Amino acid sequence: MSTPLKSQAEILAKLGIQQLNPMQLAAQKAIDSSSEIILLSPTGTGKTLAFLLPLIQGLDATLEEIQIVIIVPSRELAIQIEQVMREMGTGFKVNAVYGGRTGSKDRIEIKHRPAVLVGTPGRVADHLRREAFDTAHIQTLVLDEFDKSLEIGFESEMKDILHLLPKVKKMLLTSATQGVEIPGFVRLKNPTIVDFLEEKITQLQVKKVLSPTKDKLDTLLALLGHLAGQNGIIFCNFKDSIERISDFLSDQGVSHGIFSGGMEQTDRERALIKFRNGTHQILLATDLAARGIDVPEIKFIIHYHLPLRSEEFIHRNGRTARMNTDGTAYVLHYEKESLPDFIGNLPVEKLTKSQLPKPSEWSTLFISGGRKDKISKGDVAGLFFKQGNLTKDQLGVIELKTDCAFVGVKTATLEDLLPKVNNVKLKEKKVRVSVI
């Protein structure tokens, strides 16, 4: 094991963060001084870093066993937390386990024990029942977005996890929802509550856009033209609606990605990667994307359909106007229908005539080598600069995974670039490079 970074200042510098926000400071104080903590804060305020920083400080660098288990409701959140911890550069190993991939892949990755294991309730419970690893040193359990895990039916798995981790001394529950009920099986005695849900997101504006017809596709197209050049998420309630809207946008030449529960995990991950690196500026999504996904700063969200509950309205809106940036949520509203009470009175946004969003100038490349091949982001950049002859402004976001990597490059470079970088050696591995 490499020597872990113990200095918080070093970790923050590596992440490019100058200082923690008030919620993160309050969370750190509570985690340092209490064995039971409930952290309540809106989506996008930095809860992951808020609990990782102080918990990592308590890890034993000489112990090669799992010491912290983090339970999350979705695969995307598991991957996101794993990525955040790796970017922190602590030297401690972290692994994410989740449904949608083989259990044997999990077992290979955790054979060399991570200090921190992140996973969905079903997959973590399965490993614990199989006694896949020693639990004697697991003293910290985090139930991240615990109410969402309960909401989607993981109560029995979460009960099993608590029963199978008898040595836990510190428990942390997080949520972005007001007034959530703490489940009795957690058996909290006297938790310290860090509540930042009342902190208003003053940069968020919510407006409605009137549609003269019940079918709102043409109004959506006009709104996207009005917002041309900005990135955002369009929320729908149904997978069928996403397919219909996607077909319509494709017919109009509007580039976009899709993110819903009906997709294969690989396709969902790739949709987010393309959204993060700018290949797609628009993401069509169900409420699966309302929280727990890692996406860039978003200038707008559009409610093509309104959610049924006010909580989901809040979570959707929380994808924009995050961390001191501004953003706008638009409600597409058929003018002859009434809005639900939880929406309130909204100002009407008048749409100006505008061109449709232009196709993105970025494409995404897949590289068939990753972290397990000892490949770093610097190695990938070097390949594209030296062999590919790209300039800095032609190379975009690099995302390194365990067994592969994804790179944003200017679309105009592809014809000359691909023959230079495909089927060449990167470190000791010959890699394939292809457009996805």
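The values are calculated or read from the model by the stated rules, or taken from the named source; none is laboratory data. None of the values given here were measured: they were computed from a predicted structure. No Cβ is skipped: glycine too gets one built from the backbone with ideal geometry, and neighbour counts run over all protein chains shown.
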Next on the checklist: Exactly one of these conditions fails for HIS112: (1) more than 30 Å from ASP373 (Cβ to Cβ); (2) part of a loop (DSSP other than H, G, I, E, B). Give me its number.
Outcome noted: (1)
Item to check | Residue within region 85-95 that is out of contact with any Gly (no Cβ under 6 Å at 6 or more places or on another chain), acidic (Asp, Glu) and under 22 Å from LEU128 (Cβ atoms) present | outcome: no
Item to check | Residues satisfying the stated conditions in region 339-379, i.e. part of a loop (DSSP other than H, G, I, E, B), in contact (Cβ under 8 Å) with a residue 40 or more places away in the chain and polar (S, T, N, Q) | outcome: THR352, SER354, GLN355, SER360, SER368
Checklist entry - Quick one: would you say ALA115 is more than 26 Å from PHE259 (Cα to Cα), assigned by TED's automatic domain parsing to the domain that holds LEU59, modelled with pLDDT of 95 or more and not acidic (Asp, Glu)? => result yes
Item to check | Complete set of residues in region 136-174 that are among the hydrophobic types (A, V, I, L, M, F, W, C) and assigned to a strand (DSSP E or B) | outcome: LEU141, VAL142, LEU143, MET171, LEU172, LEU173
